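The values are calculated or read from the model by the stated rules, or taken from the named source; none is laboratory data. Since the structure is predicted, the reported quantities are computational estimates derived from the model, not experimental observations. Cβ: placed from backbone, ideal geometry, glycine included. Neighbour counts: every protein chain shown. Remember, those area values only see protein heavy atoms, side chains included, never the ligands or the DNA or RNA. Shrake-Rupley method; radii C 1.70, N 1.55, O 1.52, S 1.80 Å.
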Amino acid sequence: MSDQKSYSGRCFCGAVGIVATGEPATMGYCHCASCRHWSAGPVNAFTLWQPHTVRVTKGGEHVENYQKSDTSVRKFCELCGGHLYTDHPTWGLTDVSAVLLPDLDYVPALHINYQESVLPIRDGLPKYRDMPVEMGGSGDLLPE
Ligand SMILES: [Zn+2]
Ligand SMILES: [Zn+2]
């Protein structure tokens, strides 16, 4: 277990600490309206992990949940409102925004929900209209 890398992160104020251990299942960009609305940014750079590899290391009493749909349980710090991670119980994955894990080498593999994009990114990576088939989507690709 000690030979696995771990990546530390914290909320905006620092009261809550998290750690992700091992390597993410996948990394990419989501352009969906929910990600944009929640992140207040034009695109969400996600890193998806097996849920048991993401832990709260301190300040757990300040972690709040917000669940709008069955697919996402959003975790944030009650003190600063800073985001921590989002559980996706139906996929069995946990999304940690790339910005929260500064030591992780962020290497995106794909773009998802590109049909909703407000910020086209011409980086040569696959652009899924919604999501890959294995994530429950159509698997359709769009041009950049
Ligand atoms: Zn905080
Ligand atoms: Zn999204």
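Here is how the numbers come out for the structure above:
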read-out	value
Low-density loop cleavage sites - chymotrypsin sites (Phe, Trp or Tyr not before Pro) in the range 70-144, where at most 12 other Cβ are within 10 Å (DSSP)	none
Loop trypsin sites (Lys or Arg not before Pro), the range 66-144 (other Cβ atoms within 10 Å of the site Cβ: 12 or fewer; DSSP)	R122
Within the chain, helix-based [θ] at 222 nm, where runs of 4 or more DSSP H residues each add -39,500 (n - 2.57), nearest 500	-1000 deg cm²/dmol
Residue-span extension gain [N65 to H52] - 0.36 nm each, minus C-alpha spacing	2.9 nm
Within the accessible area of the range 6-135 (1.4 Å probe), percent carbon and sulfur	52 percent
Accessible area of the range 25-70 divided out per residue, in Å², using a probe of 1.4 angstrom	57 Å²
Cα-Cα pairs of the range 11-144 separated by more than 27 Å (percent)	17 percent
Selection of trypsin sites (Lys or Arg not before Pro), the range 1-49, meeting DSSP coil and at most 11 other Cβ within 10 Å	K5
